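Here the structure is laid out as structure tokens; the discussion comes afterwards.
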Amino acid sequence: MHNLFAQAGNSDLVKLLKKESFKRVYKEMLAAPDSFLPLTFPSDIEPWSGEKPKGPGDFLAESLVLPSLPQVQTQLQEIIDNPESTINDLAEIISREPKLATAVLRLANSGLYKVKGKIETPSKAVELLGFEKAGGLALGTASLSLFKRSDEAVLDLEKFWKHSIACGVVAQEIAVTAGLGDPERFFAGGLIHDVGLHVIFESDYSMAVELYKLARSDGYSLYKAEQEMLGFNHASLGGFLLKEWKFPRQLIAAAWGHHNPRKVKTDPDAMVIHVADFIAQALGYELGISPVIGFIDRTAWEKIGITAEQVIELLPDIRRLIDDVFLILEK
Ligand SMILES: [Fe+2]
């Protein structure tokens, strides 16, 4: 518990979140003490080569399991980027992929959007939510299909999904409260912000085991462990990858800057995702890798312009929405 907030400082928000976390961790420790133990691995794992890549590009070029962008994602992006696209074009792409259509419909009808009446078809969803909102929602939802489970996994995929969804919901609620506009953009930013982490952990089993062990060791955040072992981190890798895939600028910024939000001057996305990432972890939606959850950048927090009390007031709604959205997007 002490480790969890070791780097977090003592701002008003952290103080209030600490209080929330104490109650939760105490209950969880009583209910499932084993879930707090570090993972154990087979003793015959081939040791990692230990060679640092030259950077994210080099790492991706050598990675054996370079993820490819699902076709529906590419088509969605083309439709969203084309100023001549119509509501029907977008609805048609969403309808073509039954899983995506179901998820979009259920999300559109959930508490995430305050629409009147029941939305029963993708074209109704696009019509009622508007082109941009529906496009952003579809893009974020479709991105989740990138996160597939491999046979040998160090990363707990369920925790990863929950963390991504929690971060999306918290980011969206912060954006609404702060009046930043386009809430679905922040939802999508939260869903996709750790894409680089997924790629790192899925690329090489020996490397992932070593990274996990380093990140479990005292005082190491996952970010610091990656930086030391690989010379770059999952945020820069994620930003690089989303840029290669031609994702919208704000989503690239959210992934690239979520651990260094001050570096992104153009959009508030990195700041919001940075704060949402911390809150999601403090609420228990963490990855189960490092026991440390990092810190909240004071400037980012101040620029968003909401108070710690406002966040605490949002928590019951946030928890409910996370559960709802998780049920909708669960595989
Ligand atoms: Fe991260």
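The values are calculated or read from the model by the stated rules, or taken from the named source; none is laboratory data. Every value quoted in this text rests on a predicted model; they were computed, and no experiment measured them. Neighbour counts are summed over all protein chains in view; Cβ atoms, including those assigned to glycine, are modelled from backbone coordinates with ideal geometry. Note: areas computed on protein heavy atoms with side chains; ligands, DNA, RNA excluded. Shrake-Rupley method; radii C 1.70, N 1.55, O 1.52, S 1.80 Å.
Given Glu62, Glu127, which one is over 22 Å from the mean Cα position of the chain (by Cα) and either under 30 Å from Thr40 (Cβ atoms) or assigned by TED's automatic domain parsing to the domain that holds Ser203 (or both)? Quick ask: steps written out before the conclusion?
Numbers: Glu127 fails: either under 30 Å from Thr40 (Cβ atoms) or assigned by TED's automatic domain parsing to the domain that holds Ser203 (or both).
So the residue among Glu62, Glu127 that is over 22 Å from the mean Cα position of the chain (by Cα) and either under 30 Å from Thr40 (Cβ atoms) or assigned by TED's automatic domain parsing to the domain that holds Ser203 (or both) is Glu62.
Residue-wise test of (1) under 15 Å from the mean Cα position of the chain (by Cα); (2) in the same structural domain as Glu78 (by TED's automatic domain parsing); (3) of a type in the set (Val, Ile, Thr); (4) over 27 Å from Gln77 (Cα atoms).
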position: Val195; (1), (2), (3), (4): yes, no, yes, no
position: His198; (1), (2), (3), (4): yes, no, no, no
position: Ser203; (1), (2), (3), (4): no, no, no, no
position: Leu211; (1), (2), (3), (4): no, no, no, yes
position: Met229; (1), (2), (3), (4): no, no, no, yes
position: His259; (1), (2), (3), (4): yes, no, no, no
position: Lys265; (1), (2), (3), (4): no, no, no, no
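Can we say Gly284 is in contact (Cβ under 8 Å) with a residue 60 or more places away in the chain, surrounded by fewer than 19 Cβ atoms within 10 Å (Cβ to Cβ) and touching a helix residue (DSSP H, G or I) at 6+ places or on another chain (Cβ under 9 Å)? Walk me through it before giving the result.
Numbers: in contact (Cβ under 8 Å) with a residue 60 or more places away in the chain: yes; surrounded by fewer than 19 Cβ atoms within 10 Å (Cβ to Cβ): yes; touching a helix residue (DSSP H, G or I) at 6+ places or on another chain (Cβ under 9 Å): yes.
Yes, satisfied.
Among the numbered conditions (1) away from the ligand (no atom under 16 Å from the Cβ); (2) farther than 19 Å from Asp323 by Cα; (3) buried (at least 24 other Cβ atoms within 10 Å of the Cβ), tell me where Gly196 comes up short.
(1)
If you scan the range 221-250, which residues turn out to be away from the ligand (no atom under 14 Å from the Cβ), touching a residue at least 24 places away in the same chain (Cβ under 8 Å) and either surrounded by 24 or more Cβ atoms within 10 Å (Cβ to Cβ) or over 15 Å from Val199 (Cα atoms) (or both)?
Hits for the range 221-250 are Met229, Gly231, Lys246, Phe247, Pro248, Gln250.
For Arg216, indicate whether it is farther than 25 Å from Leu69 by Cα, open to solvent by 10 Å² or more (accessible area, probe 1.4 Å) and touching a Pro at 6+ places or on another chain (Cβ under 9 Å).
Details: farther than 25 Å from Leu69 by Cα: yes; open to solvent by 10 Å² or more (accessible area, probe 1.4 Å): yes; touching a Pro at 6+ places or on another chain (Cβ under 9 Å): yes.
So Arg216 fits the description; yes.
Test Ala188 against the stated conditions and say whether it is in contact with a Pro (Cβ under 9 Å, 6 or more places away or on another chain) and either open to solvent by less than 10 Å² (accessible area, probe 1.4 Å) or touching a residue at least 40 places away in the same chain (Cβ under 8 Å) (or both). Steps first, answer last, please.
Working: in contact with a Pro (Cβ under 9 Å, 6 or more places away or on another chain): yes; either open to solvent by less than 10 Å² (accessible area, probe 1.4 Å) or touching a residue at least 40 places away in the same chain (Cβ under 8 Å) (or both): yes.
Yes.
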